[in-house]
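J.: Can you read through this structure? Questions will come right after.
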Amino acid sequence: MTQSGRAQRVAELIRQEIARLLSKGLKDPRIGFVSVMSVRMSRDLKYADVFVSLFGEEKERKSSLIALQRSAGWIRRELGKVLRMRYTPEVRFLEDQTLDRVYQLEEVFHEIHEERKRAPMIKLSLVEIVEEFRKGNSFLVTSHVNPDGDSVGSILALEQLLRAMNKEKITCAMADPVPSVYANLKGAKKIIDCTAERPDFDVLIILDVSSLDRIGCVAQWVDEKVRIIVIDHHLVDNPEGTVGFIDPSYAAVGEIVAELFEVAGVPLTREAAHCAYVAQITDTSAYRFSNTNSRSHHLAARLLDTGLDVSAISREVLDIISVSKVKLLRLVLDRMEFRAQGKLAASYITAEDIAAAGGSKDDITGLVNYAGNIDGVQVGLLFNAHEPGKTKVSLRSRPSFNSAEFLEEFGGGGHAAAAGATLDSPLEEVQPMLLDRLEHLLEEESA
Ligand code: 5GP
Ligand code: MN
């Protein structure tokens, strides 16, 4: 099949990059002598079939191929850094042979791929997670880009737990700066960014996120030797990591971390409770979102028992609003547009708006709720053209619409009621494309 010009260019880039990565040396000894012959892209550019020549006996060739396939996730992440595509293609390795053999091998790869998707990460209980902590020596604790109260609160509460478990080498790192509203949490000022030297760690704990793609530049410190523990509450298909605990019934990862204190037999201090409480009130909007459940309230009671000043924390984290944010809110409200008989509401902000308001990207937090909370609206959006050629979109939806599922196609995710994505296209393209798509979906539903 002939490939389009774009597919050919992408294929060639991938071929060169994989050849480079292989020559740089994958450490897996099973990967024998490999030469990348050609790359064929699927029509939608979501898969790259990489045809390789392998040397040696049939058995060795097969084990090389399987080892290559196992390293496909890492290779894909490396490709993501150079390709700058909205969706980095999945990489499948095939031996460059006659087509009948290719067909046969395709089946093997399909099986491996399916297997990886089915059980890519070993799911553990909280007791087993605590065991993992006990076994580890040195830890790096991190979370997603664009940190919020749950990511910062969870990192800092977990750091305190590990310290209470007599672990000494613990580093907390984040790709983006900690928003100032969380600066009062214990340890917030010690969170490092990627300008620091690579800390020494053998265990990486990623919180409130399940994919290395979403921890930003912190991923550069990860190599094959690192044991990755994922603790998350998002809807995820393919969590990355060695082991983990993922449960979307928790309103916040901070709740999971608070339970880990109990499982480990470590009393919750006021400082740790403060972190967990900030995580909870951020992700539930003070126990109001649909993720709030009775467990959240039982936990909140235990957190309050440590002596938290609820009114001061709520004001600091949720209520106080900067002058720059007021200016941006004015723009958001003024630009609100309605479609699909009022079931869709959307607004936008640009980097120029933020600069003119004298604000920062922290000011954007929560503005999407003004679209999502309008009476009759099922899907509310905020577009944020935060840097040239990129558009961040935030979605908030009623239970009739799953935001995370909708954004999956665009490389985003999150929860059913609140999700986000960053697209590598300018606002002028992203805004009409997504609004048309949503309008169509919402009108179809009522037809
Ligand atoms: P927000 O729209 O407030 O940035 O994010 C809403 C929810 O979606 C949060 O749980 C956040 O972690 C998640 N989210 C935001 N952007 C992305 C993204 O690009 N990818 C994924 N997987 N989740 C996102
Ligand atoms: Mn969260």
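The values are calculated or read from the model by the stated rules, or taken from the named source; none is laboratory data. Just so we're clear, the structure is a prediction, and the values are computed from it rather than from any experiment. Cβ placement follows ideal geometry from the backbone for every residue including glycine, while neighbour counts extend to all protein chains displayed. Just the protein is used for accessible areas: all its heavy atoms, side chains included, with ligands, DNA and RNA removed. Shrake-Rupley method; radii C 1.70, N 1.55, O 1.52, S 1.80 Å.
J.: Order Tyr250, Tyr370, Tyr287, most accessible first, counting only protein heavy atoms with a 1.4 angstrom probe.
T.: Values: Tyr250 15, Tyr370 105, Tyr287 45 Å².
Order by accessible area, largest first: Tyr370, Tyr287, Tyr250.
J.: Give, in nm to one decimal, the length gained when the segment between Val145 and Ala355 is fully stretched (0.36 nm per residue of separation minus the Cα-Cα distance).
T.: Extra length from Val145 to Ala355 when fully extended: 73.5 nm.
J.: Which order do Arg134, Arg61, Arg15 take by accessible area at a 1.4 Å probe, largest first? Before the final figure, lay out each step's value.
T.: On the way: Arg134 115, Arg61 45, Arg15 65 Å².
From most accessible down to least: Arg134, Arg15, Arg61.
J.: What do you reckon, how do Lys59, Lys135 stack up by accessible area (1.4 Å probe), largest on top? Please list the in-between numbers first.
T.: On the way: Lys59 170, Lys135 135 Å².
These residues rank, largest area first, as Lys59, Lys135.
J.: Under a cut-off of 14 Å between alpha-carbon atoms, report the aspartates and glutamates in cross-link reach of Lys169, not counting same-chain residues fewer than 8 places apart.
T.: Within the straight-line limit of under 14 Å, Lys169 reaches these aspartates and glutamates: Glu159, Asp200, Asp202.
J.: Against the longest principal axis of the chain, how steep is helix 58-70, in degrees 0 to 90 to the nearest 10, with axes from Cα atoms?
T.: That helix lies at roughly 20 degrees to the long axis.
J.: Rounded to a whole number, what % of the accessible area of segment 353-447 do carbon and sulfur atoms account for, probe 1.4 Å?
T.: Details: 2100 of 4340 Å².
The computed percentage sits at 48.
J.: With a probe of 1.4 Å, find how much accessible area segment 297-438 has per residue, and write the answer as a whole number in Å². Intermediate results must be reported in sequence, preceding the final value.
T.: Numbers: 6830 Å² over 142 residues.
That works out to 48 Å² per residue.
J.: Can you give the angle from 0 to 90° between the axis of helix 72-83 and the longest principal axis of the chain, with both taken from C-alpha atoms, to the nearest 10?
T.: Tilt of helix 72-83: around 70 degrees.
J.: Lys/Arg Cβ at +1, Asp/Glu Cβ at -1, dipole of the chain taken about the Cα centre: which of Val34, Gln431, Val266 is farthest positive-ward?
T.: Positive-end residue among those listed: Val34.
J.: Tell me which lysines have Cα within less than 21 Å of Lys361's Cα, excluding those fewer than 8 residues away on the same chain?
T.: Lys189, Lys325, Lys327, Lys390, Lys392
J.: Just the number, please: carbon plus sulfur as a percent of the accessible area of segment 101-318, 1.4 Å probe, no ligands or DNA/RNA counted. Walk me through the intermediate numbers first.
T.: On the way: 4810 of 9720 Å².
C and S atoms contribute 49 percent here.
J.: Going toward the positive end of the dipole of segment 101-318, with +1 on Lys and Arg Cβ and -1 on Asp and Glu Cβ, which of Met165, Val257, Thr306 do you reach last?
T.: Going by the Cα projections, it comes out as Thr306.
J.: Right, something else. Put a dot 7 Å past each Cα toward the Cβ at Lys190 and Glu128; how far apart are the dots in nm?
T.: Simple spin-label model gives 3.1 nm for this pair.
J.: For segment 5-96, what number of Lys pairs, 8 or more residues apart or on separate chains, have alpha-carbon atoms under 26 Å from each other?
T.: Total qualifying Lys-Lys pairs in segment 5-96 comes to 9.
J.: Still on this structure, please answer the following. For n ≥ 4 DSSP H runs only, could you compute -39500 (n - 2.57) per run for the chain, divide by its residues and tell me the 222 nm figure to the nearest 500? The partial results should precede the final answer.
T.: Numbers: 15 runs with 182 residues, N = 447.
The helix-only estimate for the chain comes to -12500 deg cm²/dmol at 222 nm.
J.: With a 1.4 Å probe and every protein chain left in place, work out the accessible area per residue of segment 5-96 in Å², rounded to a whole number. Numbers along the way, then the final one.
T.: Details: 5020 Å² over 92 residues.
The answer is 55 Å² per residue.
J.: Report the equivalent ellipsoid semi-axes for segment 5-96 in whole Å, largest first, defined as the square roots of five times the eigenvalues of the gyration tensor built from alpha carbon atoms.
T.: Details: eigenvalues 99, 35, 23 Å².
After diagonalising the Cα gyration tensor, the semi-axes are 22, 13, 11 Å.
J.: Treat each spin label as a single point 7 Å out from the Cα along the C-beta direction, and report the Val226 to Ser249 distance in nm.
T.: That separation, rounded to one decimal, is 3.1 nm.
J.: With labels modelled as points extended 7 Å from the Cα through the Cβ direction, what inter-label distance (nm, one decimal) is found for Val326 paired with Glu262?
T.: Label-label distance for Val326 and Glu262, simple model: 4.3 nm.
J.: Moving to a separate point now. Only bridges with both residues in the chain count here: give the DSSP antiparallel percent, nearest 5.
T.: Numbers: 25 of 59 bridges.
Percentage antiparallel, nearest 5: 40.
J.: Give the lysines reachable from Lys123 as a straight Cα distance under 22 Å; neighbours fewer than 8 places away on the same chain don't count.
T.: Of all the lysines, those that pass the test against Lys123 - Cα under 22 Å, at least 8 places apart if same chain - are Lys135, Lys225.
J.: Also: As a test, work out the antiparallel percent of DSSP beta bridges whose residues both lie in segment 323-446, rounded to the nearest 5. Working shown, then result.
T.: Values: 18 of 25 bridges.
Antiparallel: roughly 70 percent of the beta bridges in segment 323-446.
J.: Roughly to the nearest percent, how much of the accessible area of segment 5-96 is carbon and sulfur, given a 1.4 Å probe?
T.: Details: 2420 of 5020 Å².
Reported share for carbon and sulfur atoms: 48 percent.
J.: Extension gain Asp375-Tyr47, at 0.36 nm per residue separation less the Cα-Cα distance, in nm?
T.: On the way: separation 328, 0.36 × 328 = 118.08 nm, distance 4.19 nm.
That pair, Asp375 and Tyr47, stretches by 113.9 nm at full extension.
J.: With a cut-off of 17 Å, note down the residues of segment 178-216 whose backbone N falls inside the zone around a label point 7 Å from the Cα of Arg270 toward its beta carbon.
T.: Inside the label zone: 184-187.
J.: Related question: Calculate how steeply helix 253-264 sits against the longest principal axis of the alpha-carbon atoms of the chain, using the helix alpha-carbon long axis, and give the answer as 0 to 90 degrees to the nearest 10.
T.: Value to nearest ten degrees: 90.
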